[in-house]
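Derivation of every value follows stated rules applied to the coordinates shown; laboratory data play no part. All values derive from a computational prediction rather than experimental measurement. Reconstructed Cβ throughout: ideal geometry from the backbone, glycine too, with neighbour counts over all protein chains shown.
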Amino acid sequence: MKLRLLLNLIFFSLITGIPGFSQSKGAIKGRIIGQSTKRPIPGASVLIYSNGQAPSGKGVATDSAGRFVLANVPEGSYTLLISSVGYQEKTLRDVLVAPNKTFFVETELAAGADSMREAVVKTFKSEYTPLAPVSTYTFSREEIFRIPGSQGDIFRAIGILPGVSSSGGQFSAISVRGQGTSDNVYMVDDIPMFEVSHLEGNGAFNDPNGGRFSIFAPRTIDNAQFQGGGFAAQYGRKSSSYLGLGIKEGNTESPSLTGQFDLLGFTLLYDGPSGFDKRTGIFATARYQNFSLLEKVVGLKGIGLPEYGDYMIKTTTQLNARNKLSVIAMYNPESYVNTAKDVGQVEPIQGTDIVNTSNNKALIGLNLRTLTGRRSYWRNIVYYRSLDGRADLGTTTPQINAAGDIVNKDAIPFEADLQQVKNNQRELGYRSVFTGNFRKSSLTVGIDLARVALDYSRYLKHTDTLYTFSPDDYRPDPTKYYLILQPSQFNSVDHSSAINASAYADLSFVLFKALRLNMGARMDQTGFTQQATVSPRLSGSLPIGGQGTLNFATGIFYQDPEYDDVGDQPAGHRLRQQKTVQYIFGYKKYFSQDLKFIAEGWYKEFSDQITRPQSDQPFLTNAGTGYAYGLDLSITKRLSEKYYGQASYSYMLSKRDDHDGLGLYNYAFSQPHVFSLLASYKPNDKWVFSTKFRYATGRPKDNFIIHANVFQTSAFVRYSQEIVGHNESRLGDYISWDIRSDYHVQFRKLSLTAFVDIVDVLGRNNQSGEDFQPLNGSTYYQGLAIFPTFGVILGL
């Protein structure tokens with residue numbers, strides 16, 4: 001009732017804010033700075049034209065402070081073409097002008113490449129990044145929003161890229177080139193983040209599929225840069241890929257309020273002046289979502305009630321000509337409840353677990369950027385993050401009939417507090433990074449310091465019976481086809497803290513007027529492992545044929561153990577850092593101003609990988625080794641004029657050996673074939689149509705045999721599952737077709753966009769995992785078929 005009243009009040013305030021029908025115009029203001037120097041670019045040309053049209057010739061030049069003003073612009077959607085001698089051209093699309101409003105943008109131009117690269121740079125505007133020559137892709141705010149099935153979620157958008165795999169449907173987390181969902185570096189406004197997803201696991205053991213939704217509301221991310229491997233030394237403590245996210249900065253000229261109301265909930269965004277300082281802009285978001293309405297629309301039963309919120313505010317202040325300060329604060333609560341009543345709604349019966357979890361994440365960070373010289377700048381970042389996680393896990397023991405249905409759904413016996421898990425984390429960190437640019441080279445050096453405190457505990461109320469076991473799991477009596485989990489094996493408490501310290505340097509330069517080399521090294525001191533490691537890295541590019549380049553990268557990447565894994569271990573047992581060695585070689589070809597082709601082969605070697613010797617216990621070791629290799633092919637049409645798209649194919653194979661006598665096996669994220677196709681078309685300022693198709697080989701799964709009536713009594717019949725082959729089979733192939741349609745109209749100051757975004761329009765129940773039901777000996781598959789959302793976006 002309260003939520004309905006709030007939505008009515010918001011809608012009424014937006015509608016009553018519509019002005020009269022007098023003709024009026026808006027304006028576009030902005031500031032252009034150099035990407036590598038962060039200094040203003042005077043004399044840059046800014047041309048404006050309506051989307052889909054050729055530049056009209058109307059434009060301005062930036063002043064000595066890099067600022068420009070385009071006044072008396074009729075309402076509508078426009079494109080800005082920005083250029084300057086010595087810099088790469090940049091195109092900004094979907095610049096929306098409203099009556100009596102000023103659209104403000106600060107954007108960066110990448111420096112023009114060396115003379116040997118001029119032909120290449122001119123053909124693919126603003127994406128040439130000499131420090132990241134391999135596996136690099138960028139997304140604009142509009143591209144993220146348009147990708148169908150993503151619902152504005154950056155992680156769902158990235159799932160379209162070559163070498164990237166996700167479980168799709170209800171999952172958003174990504175695995176890259178044969179590694180896991182927790183192996184990726186995430187940087188948000190230069191702040192390292194680890195907990196970036198909602199509804200990740202059930203509080204006992206981490207869900208290998210990762211989280212369901214990111215903690216960033218739609219249109220929060222202004223720009224994203226993804227690198228599938230071979231990233232620079234300034235990024236570390238994870239070993240697979242790098243994702244840098246830039247949160248949108250507030251408009252210092254005109255305020256705007258946007259509300260999105262859809263099947264899952266609502267999102268409110270404020271973008272405008274602070275009201276207390278004309279130099280300060282504010283960007284704030286508030287999102288609340290739950291699945292109750294979606295469950296009714298698509299007939300979902302028995303999944304419980306997930307709900308979460310995302311609340312963020314970012315202020316950006318130009319203190320003076322040399323200093324710019326950003327402050328960001330985030331609070332991301334979530335909860336999930338699955339009761340005995342939910343268990344009884346699924347026929348035939350599947351799971352029997354009841355769950356009550358909460359995970360509340362918070363972050364505050366300060367980022368000061370100081371111009372220290374004509375071509376150098378210094379970033380200082382201070383941040384504090386917290387995680388308060390709790391899970392109460394129980395089980396039901398319903399009576400079922402021969403068909404597998406529950407006999408009495410209104411009186412299902414249950415135990416709600418069989419297990420409790422607490423996972424609280426606190427981290428206080430500081431980063432200091434200096435970047436200097438010279439005539440033919442650039443240098444980045446920096447240090448990271450962080451103090452991490454853990455308050456972790458696991459508690460099992462009494463002995464529990466486990467009905468799935470592996471050949472290497474210890475059973476006192478081999479004739480008993482089940483496991484008994486003792487509290488002494490499960491319970492653990494960890495109240496500890498540690499200091500992590502890192503130092504790194506990246507040097508980029510040109511040899512022989514053609515070969516661009518990036519050399520880097522990183523040293524990490526990790527408190528919880530009590531290890532010091534050194535990670536050398538090398539990447540480079542060589543132009544061939546005028547519009548093509550050969551690119552390569554290699555290096556050593558170390559990864560810290562997960563903090564909850566650290567808390568799980570018995571006193572005195574320390575996990576080590578996991579080691580990955582990467583080799584990447586590729587070819588990149590530019591066909592036109594917005595069309596490129598990439599082919600990359602890659603190989604990885606793994607050592608000191610964390611393994612679980614017995615599947616029923618939290619004790620871990622670093623016994624694992626392995627390797628992965630693959631090939632990625634993609635052709636990308638960047639957003640320009642009316643359409644954009646991408647087609648990609650990836651072959652990837654990932655093998656692991658836990659050295660438990662069972663030999664090599666397919667790693668959980670080994671999927672030999674992945675094919676993706678994306679297309680988006682904007683015929684006019686009102687309509688946008690997008691579609692995405694994805695095919696992937698099914699995930700590996702175990703072979704097993706079923707044992708019936710393991711207690712040998714008719715009074716308590718239970719089945720068990722014995723794993724006889726680790727990841728020797730596969731789940732069904734993943735096939736998904738997603739569609740999205742947006743319709744936009746402008747009523748003077750009020751804008752309205754209606755949208756439909758459907759994941760898996762074919763309704764195919766894609767399998768993301770397989771579970772065993774000991775009540776009747778059946779197996780059932782995790783997965784979600786059609787996942788629609790629709791709604792409206794109101795802007796004032």
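Out of the stretch 268-301, which chymotrypsin sites (Phe, Trp or Tyr not before Pro) are coil in DSSP terms and have no more than 11 other C-beta atoms within 10 Å?
In loop regions of the stretch 268-301 (DSSP not H, G, I, E or B), the sparsely surrounded chymotrypsin sites (Phe, Trp or Tyr not before Pro) are 276.
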Beta bridges by DSSP in the chain, antiparallel share as percent, to the nearest 5: 95
The answer for the per residue Cα convex hull volume of the chain, in Å³, is 151
In whole Hz, what ³J(HN,Hα) sequence does the stretch 660-673 give by Karplus (6.51, -1.76, 1.60; θ = phi - 60°), x for Gly and Pro? 10, x, 9, x, 5, 8, 5, 5, 4, 10, 8, 10, x, 10
Once a ≥ b ≥ c are taken as the square roots of the eigenvalues of the Cα gyration tensor of the stretch 670-732, is the result rounded (a/c under 1.5), prolate (a/b larger than b/c) or oblate (a/b not larger than b/c)? oblate
Label-point separation, residue 743 to residue 531 (7 Å along Cα→Cβ), nm: 5.7
Helical mean residue ellipticity (222 nm; -39500 (n - 2.57) per DSSP H run of 4+; nearest 500) of the chain: -1500 deg cm²/dmol
Once amide hydrogens are built 1.01 Å from N within the peptide plane, the residues lying 5 or more places from residue 173 or on another chain with amide H under 5 Å from its amide H are 211
Each residue of the stretch 520-529 in turn: what ³J(HN,Hα) in whole Hz from Karplus with 6.51, -1.76, 1.60 and θ = phi - 60°, glycine and Pro shown as x? x, 8, 9, 10, 10, 10, 10, x, 5, 9
Cα shape, the stretch 235-371, gyration tensor, a/c 1.5 rule: prolate
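When only DSSP loop residues count, what chymotrypsin sites (Phe, Trp or Tyr not before Pro) in the stretch 712-782 have their Cβ near at most 15 other Cβ atoms within 10 Å?
Details: sites: 716, 719, 734, 737, 743, 747, 755, 772, 780, 781; in loops: 716, 719.
Passing both the DSSP loop test and the Cβ count: 716.
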Decide, for the stretch 397-527, between rounded, prolate and oblate: order the square roots of the alpha carbon gyration tensor eigenvalues as a ≥ b ≥ c, take rounded if a/c falls under 1.5, and otherwise choose prolate if a/b is larger than b/c, else oblate. prolate
Taking 0.36 nm per residue of sequence separation and subtracting the Cα-Cα distance, how much length would be gained by fully extending the chain between residue 523 and residue 409, in nm to one decimal? 35.2 nm
Rounded to whole Hz, the Karplus (6.51, -1.76, 1.60) HN-Hα couplings of the stretch 642-656, x for glycine and proline: 10, 8, 7, x, 7, 10, 8, 9, 10, 10, 8, 10, 10, 10, 10
By how many nm would the segment from residue 480 to residue 449 lengthen if fully extended, with 0.36 nm per residue of separation less the alpha-carbon distance? 6.0 nm
In what sequence do 597, 145 fall when counting other Cβ within 10 Å, fewest first? 597, 145
How much length would be gained if the chain were fully extended between residue 58 and residue 730, taking 0.36 nm per residue of separation minus their Cα-Cα distance, in nm to one decimal? 236.1 nm
Net charge near residue 352: determine it from the other residues with C-beta under 12 Å of the C-beta of residue 352, scoring Lys and Arg +1 and Asp and Glu -1. -3
Say each of residue 368 and residue 497 gets a label point 7 Å from the Cα, pointing the same way as Cα to Cβ; how far apart are those two points in nm? 2.4
Rounded to the nearest 0.05, what FRET efficiency do residue 513 and residue 276 have when you use their Cβ-Cβ distance and R0 = 41 Å? 0.20
If 62, 220, 372 are placed from fewest to most neighbouring beta carbons inside 10 Å, the sequence is 372, 62, 220
With everything on Cα atoms, drop me the angle between helix 2-16 and the longest principal axis of the chain, reported from 0 to 90° to the nearest 10. 10
R0 of 25 Å, Cβ-Cβ distance residue 623-residue 426: FRET efficiency to nearest 0.05: 0.20
Suppose the Debye formula is applied to equal point scatterers at every Cα of the stretch 464-520; what is log10 I(q)/I(0) at q = 0.17, 0.20, 0.23, 0.30 Å⁻¹? -0.75, -0.88, -0.96, -1.22
Order by neighbour count: 506, 494, fewest other Cβ atoms within 10 Å first, most last. 494, 506
